[in-house]
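**Student:** Structure provided below as structure tokens; questions to follow.
A short reminder: the numbers here are calculations on the coordinates, not readings from a lab. All figures in this text were calculated on a predicted structure; none of them were measured in a lab. Note that each Cβ is placed from the backbone with ideal geometry, even for glycine, and that neighbours are counted across all protein chains shown.
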Amino acid sequence: MTGAPSDRTIRATTEDPMGDDSGVITHPKFRMWLRPDGIVAMVFAPRIATDLADALAAVEAMAQLTRGRRSLLLVNLHGAGPQDRPARAEFARRDDLVSAVALIVDTPLSRVLGNFFLSVNKPLYPTRLFDNEAPAVAWLRAFVGSP
């Protein structure tokens, strides 16, 4: 990784508790934490490619945060780099940990890539793209209590 995620990325996702005892799982290519509302939040490091090993680390981090229970996932893709095919396939198949995913995109290109992921990888859980966090969280909350 070429450095810490930019301030812009940190501000783009609310409730990012950066204290030492905050429960944030930090990986060279992402950060993940459990928000107070029970939604798992994830932010990718900017402009860094993600591969299968990184996807597996993210899955492990989510399992650790949720104790293996299916949960809602809010993924901020602002500035995220490309994901290889095995990484996308791993993320798409993990309905054992994910009940719904909201992907926050920030550019027309990231929207195209997000739509490509949805159409090619066909996630096994409800997934939708959003331009900002508020409607993404509202959409995810509709899945609270669903199996």
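**Student:** Taking 0.36 nm per intervening residue step and subtracting the Cα-Cα distance, what contour gain separates R85 from V144 on full extension? Before the final figure, lay out the partial values.
**Tutor:** Values: separation 59, 0.36 × 59 = 21.24 nm, distance 2.99 nm.
Gain in length upon complete extension: 18.2 nm.
**Student:** Let me ask something else. Among rounded, prolate and oblate, which fits segment 33-141 when a ≥ b ≥ c are the square roots of the eigenvalues of its C-alpha gyration tensor, a/c under 1.5 means rounded, and a/b larger than b/c means prolate?
**Tutor:** Numbers: a/c = 1.41, a/b = 1.12, b/c = 1.26.
Judged from the Cα gyration tensor, segment 33-141 comes out rounded (a/c under 1.5).
**Student:** With an 8 Å cut-off on Cα pairs and a minimum separation of 6 or more residues, tell me the relative contact order of segment 46-147 in percent.
**Tutor:** Values: 158 pairs, mean separation 30.5, N = 102.
In percent, rounded to a whole number, it is 30.
**Student:** Follow-up question, since we're still on this one. Can you give the net charge of the other residues whose Cβ lies under 11 Å from the Cβ of L56, counting K and R as +1 and D and E as -1? Don't skip to the end; give the middle numbers.
**Tutor:** Working: positive: R94; negative: D51, D54, E60, E90.
Neighbourhood net charge equals -3.
**Student:** Collect residues whose amide H, placed 1.01 Å from N in the peptide plane, falls under 5 Å from the amide H of T127; neighbours closer than 5 in sequence don't count.
**Tutor:** Distant-sequence amide H within range of T127: V101.
**Student:** A follow-up question, please. Within 10 Å of each residue's Cβ, count the other Cβ atoms and sort I39, I104, I48 from fewest upward. The partial results should precede the final answer.
**Tutor:** Details: I39 21, I104 24, I48 18.
By the 10 Å Cβ count, ascending, the order reads I48, I39, I104.
**Student:** Right, next: Is the C-alpha gyration tensor of segment 79-119 telling us rounded, prolate or oblate? Criteria: a/c under 1.5 is rounded; beyond that, a/b larger than b/c is prolate, otherwise oblate. Could the numbers behind the result be given before it?
**Tutor:** Numbers: a/c = 2.15, a/b = 1.52, b/c = 1.42.
Cα axes put segment 79-119 in the prolate bin.
**Student:** Please turn the phi angles of segment 64-76 into ³J(HN,Hα) values with the Karplus equation 6.51 cos²θ - 1.76 cosθ + 1.60 (θ = phi - 60°), one per residue in order, whole Hz, x for glycine and proline.
**Tutor:** 5, 5, 9, 6, x, 7, 4, 9, 7, 10, 10, 10, 8
**Student:** Taking the Cβ of each residue in L72, L124, L34 as the centre, tally the other Cβ atoms inside 10 Å and list the residues starting with the fewest. Working shown, then result.
**Tutor:** On the way: L72 26, L124 12, L34 20.
If I rank by nearby Cβ atoms, fewest first, I get L124, L34, L72.
**Student:** Here is a further query. Could you put E90, E60 in order, starting from the residue whose Cβ has the fewest other Cβ atoms within 10 Å?
**Tutor:** Values: E90 20, E60 13.
In order of increasing Cβ crowding within 10 Å: E60, E90.
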